[in-house]
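Report on one structure; see the data block that follows.
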Amino acid sequence: MVISNWENKYPNYKLQITNYTLLSQKEVQKIARLARIEITDKEAEKYSTELSAVLGFVEKLNEADTEGVEPIAHISGAKNVTREDKVIEASSETKNKIIKNFPEKKDRFDKVKAVF
C-alpha cells in the first residue's frame, strides 16, 4: 500500500507496506481520546490506514537480525553525566549574609514563591 500524503510530500520516496493489520476506526478514536486529540470520523478513517502502515513498518523492523548488536540509548554515544551530591558546610557568617539577602523570612528560613 502506498500512503498518498507521503507521495505528495516526498515524491522520490514511497513507503510500501503490504502485510499489516488495519486498525479499526474505533481503535483510532480510542488512541485519539487517550492522546486528548479530537478527530472527526473522516480523520479516523484516514488515520486508520496511516497508523496501520506505520505499525506495519515497525513490525517489518522486527524482522531485522540484531544478533550481536549492542543496545544503545543514543546514536551519538552521549552519556548522562552526574556528580555526587556533597554537603558543604558554610560558616555562620556566610549563612547570615544569605539570609540578609532574602526579602522575606520566616523564623530562620528564607521565604520563596511557591513552585507548584
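The values are calculated or read from the model by the stated rules, or taken from the named source; none is laboratory data. Predicted model only: the values in this text are computed from it and were never measured. Every residue, glycine among them, receives a Cβ derived from its backbone with ideal geometry; neighbour counts consider all protein chains shown.
Considering every residue within the stretch 20-34, establish whether at least one is modelled with pLDDT under 80, surrounded by 11 or more Cβ atoms within 10 Å (Cβ to Cβ) and aromatic (Phe, Trp, Tyr). Before the answer, list the steps.
Step one: list which residues in the stretch 20-34 are modelled with pLDDT under 80, which gives 20-21.
Now narrow it down to the ones that are surrounded by 11 or more Cβ atoms within 10 Å (Cβ to Cβ): 20.
Keeping just the survivors that are aromatic (Phe, Trp, Tyr) gives 20.
Yes - at least one qualifying residue is present in the stretch 20-34.
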* Given the conditions (1) charged (D, E, K, R); (2) closer than 30 Å to THR21 by Cα; (3) outside any loop (DSSP other than H, G, I, E, B), which single one is not true for GLU63? -> (3)
* Condition check for ARG108: of a type outside the set (Asp, Glu) and touching a helix residue (DSSP H, G or I) at 6+ places or on another chain (Cβ under 8 Å) -> yes
